[in-house]
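Read through the structure below, which is laid out as structure tokens, and then see the notes.
None of the figures in this text is laboratory data; all of them are computed from the coordinates on show. None of these values were measured; they are calculated from a predicted model. Cβ atoms come from the backbone with ideal geometry, glycine included; neighbour counts cover every protein chain shown.
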Amino acid sequence: MADPAIVSEWLCKADEDFNFASANLDEDSGFYAQICFHFHQAAEKYLKAFIVAHDLEFVKLHNLIYLLKICETREPSLNELMNDCEALNTAYIDTRYPVHWPTNYSLSKAMEMRSAAGEVAGKIKFLLEKRQ
């Protein structure tokens, strides 16, 4: 059984990323790519909190779809987050590195990413609270 303090640490770090991105979005800082990156990071950490909590295979990668599939081995209902994870997954590489494909990080895209990350947060937190 996982140490609840470690699970809590993962959730706190996820909340920090989510709240940082949300604050920048609410201030309309214009840094939409970076905001989307932090929403991706929040979702990644929420998923990893679930993985840690259930002693599942912990892998050091950033692919939300892969992480979600690990989580689904314990809780198949998490598949309902697949569209959110697919959307958020796009914000990892092209927000951090020069890319040679079109990107479109705008206010509306950042708002979509916040919604997707919020769905991941809500579902994971609900399941973890239910577990206690």
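Some values worked out for this structure:
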read-out: Of the GluC sites (Glu not before Pro) in segment 1-40, those whose Cβ has at most 13 other Cβ within 10 Å and which sit in DSSP loop; value: Glu27
read-out: Rough spin-label spacing in nm, given labels placed 7 Å along Cα→Cβ, for Thr103 and Asp3; value: 3.6
read-out: Net +/- balance of residues flanking Cys12 in space, Cβ distance below 15 Å, scoring K and R +1, D and E -1; value: -3
read-out: Mean-position separation - Cα centroids, segment 1-36 and segment 56-132, in angstrom; value: 13
read-out: Cleavage-rule hits (chymotrypsin sites (Phe, Trp or Tyr not before Pro)) in segment 56-129: DSSP loop, at most 16 neighbouring Cβ within 10 angstrom; value: Phe58
read-out: Helix-only mean residue ellipticity at 222 nm for the chain, each DSSP H run of n ≥ 4 adding -39500 (n - 2.57), per residue, nearest 500; value: -22000 deg cm²/dmol
read-out: Exposed trypsin sites (Lys or Arg not before Pro) absent - longest run of the chain, DSSP non-H/G/I/E/B, at most 16 other C-beta within 10 Å; value: 1-59
read-out: About the Cα centre, charge dipole magnitude for segment 4-131 (Lys/Arg +1, Asp/Glu -1 at Cβ), debye; value: 280
read-out: Ranked His62, His40, His100, His54, criterion: other C-beta atoms within 10 Å, fewest first; value: His100, His62, His54, His40
read-out: Within-13-Å neighbourhood charge of Gly122 [Cβ basis; K, R +1; D, E -1]; value: -1
read-out: Virtual paramagnetic centre 7 Å along Cα→Cβ of Glu86, amide N under 19 Å, in segment 15-41; value: 40
read-out: Estimated FRET transfer efficiency when R0 is 41 angstrom, pair Glu75-Glu27 (beta carbons, to 0.05); value: 0.70
read-out: Cα-Cα over 21 Å, subset of Lys48/Lys125; Lys45/Lys69; Lys48/Lys109; value: Lys48/Lys109
read-out: Spin-label model distance (nm) - Lys60 vs Ser115, 7 Å beyond Cα toward Cβ; value: 3.6
read-out: With Cα atoms, 0 to 90° folded angle of helix 4-26 axis to the chain main axis; value: 20
read-out: Rounded tilt (10° steps) of 32-53 against the dominant C-alpha axis of the chain; value: 10
